[in-house]
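The values are calculated or read from the model by the stated rules, or taken from the named source; none is laboratory data. Everything numeric in this text was worked out from a predicted model, so none of it was measured. Backbone-built Cβ (ideal geometry, glycine too); neighbour counts: all protein chains shown.
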Amino acid sequence: MDAFVLLLATLLKGFYGFYFAVSRQQTRLNCGNRSVAAFVTGAYYSLYLKRLNYYSTMNRIDRVTAILIQLQSRKVVKAQDIAERFKISLRTVYRDVKTLEEAGIPIIGEAGVGYSIMEGYRLPPVIFTREEATAFLTAEKLIEKFTDTSTEEGYKSAMYKVRAVLRSTEKDLLENIDEHIEVVRSRRQQNITQTVNPLQSILKSISSKNVLFIRYASLGAPSATDRYIEPVGVFYMSSYWYLIAFCKLRGDYRNFRTDRMLNITITDEKFEKEHPSLKSYLERVANEEAELQKVVMQVDKDVTKYLGEQKYYNGYVSETDLGTRMEMTFLSSSLVGFARWYMMFGDRADIITPEGLKEEVKKIVEKINAKM
């Protein structure tokens, strides 16, 4: 059996330009009274035995192949990241990487930095599983509805390449299941009009560190303004895409909604300023927000279903069933804003705490009464 494995691996090496052999001790698996040899040829072939009760969720051959794919996906991969992904020890990571090196993969390891594959080394396309193929299809549906035209077209182009390397069974699966997955825009999203396709320009600008020019229509502003900005990152929240960027006009970081951009151009000017990562910036802003105040109110149960997404925007935390009513808890950053939302259903609810919220509601009611 071992001789057959070596012969087949040699033939595959000549045909594909790559082979991944696993040592005799590593490939011999005990299955009852029989011994079975298994090996992997890069990302193309994975001959493995199913239903073998070892490495609970993934056998070693599959894991080593997955590590190889992970190393190709990024410039540098830390051993700790590999360990956390596969829930294995660092010692096991070192052993798996050594297996790849012995198979001829040119891996560069630097203490305190991580692993990388030598520049220029490439493998044939991977074979996707059914689960991975359907995940791509689901993502395609989401991107079609929640991004701009240029990003959608780019992803569709990539999907053609993905479909090209799928096996016939997976291609049939995608064709059959395509009409059974759909993403429906909310009413708010249906009303969003995008005059430009900013996402790809923004990402290119971040990558090349080029200043962006945008013509921006701020909410409530009498006219649009020209801005030169240094982008930090984009994020999606509450049906809109937002850009965090350093605005040269304001001399500080600002939040821009992409659907309010009337024009966007990548300039030739480079920016040298080191900006924080998007994650660290958002965490800092969250910490700088006003202290959150706990709000507890009781609402008639038949009303709660109409609160919808708005309850999350107002800091919803939890609720307790009291029979005919629900006791709802929130953490609010603005009692004034919460009071105005509360007025929408206030005749069917009672504020338990805080007293300050009751006062804000009273002020609003008094102003309304004065106008009646």
Checking the structure you have, find out if any residue of the stretch 333-340 is in a helix (DSSP H, G or I), at pLDDT below 90 and surrounded by 13 or more Cβ atoms within 10 Å (Cβ to Cβ).
no
Conditions: (1) surrounded by fewer than 16 Cβ atoms within 10 Å (Cβ to Cβ); (2) modelled with pLDDT of 95 or more. Residue 296 meets all but one. Number of the miss?
(1)
Being closer than 28 Å to residue 255 by Cβ and either in contact with a helix residue (DSSP H, G or I) (Cβ under 6 Å, 6 or more places away or on another chain) or of a type outside the set (Ser, Thr, Tyr) (or both) is the requirement here; does residue 307 meet it?
yes
What number of residues within the stretch 302-332 are part of a loop (DSSP other than H, G, I, E, B) and surrounded by 14 or more Cβ atoms within 10 Å (Cβ to Cβ)?
3
Just to verify a result, which residue in the stretch 142-159, among those that are charged (D, E, K, R) and in a helix (DSSP H, G or I), is farthest from residue 260 (Cα to Cα)?
156
On the basis of being modelled with pLDDT of 90 or more, under 30 Å from residue 202 (Cβ atoms) and of a type in the set (Lys, Arg), does residue 257 make the cut?
yes
Inter-residue pairs, beta-carbon under 8 Å, first in contact (Cβ under 8 Å) with a residue 40 or more places away in the chain and in the stretch 75-95, second surrounded by 14 or more Cβ atoms within 10 Å (Cβ to Cβ) and of a type in the set (Phe, Trp, Tyr), 6+ apart
76/115
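Would you check if residue 234 is within 30 Å of residue 359 (Cα to Cα) and either surrounded by 11 or more Cβ atoms within 10 Å (Cβ to Cβ) or modelled with pLDDT under 90 (or both)?
Values: within 30 Å of residue 359 (Cα to Cα): no; either surrounded by 11 or more Cβ atoms within 10 Å (Cβ to Cβ) or modelled with pLDDT under 90 (or both): yes.
So residue 234 does not fit the description; no.
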Cβ pairs under 6 Å, 6+ apart, first in the stretch 309-327 and at pLDDT below 90, second exposed (fewer than 15 other Cβ atoms within 10 Å of the Cβ) and not β-branched (Val, Ile, Thr)
315/331
When you look at residue 65, is it among the polar types (S, T, N, Q), part of a helix (DSSP H, G or I) and in contact with a strand residue (DSSP E or B) (Cβ under 6 Å, 6 or more places away or on another chain), yes or no?
yes
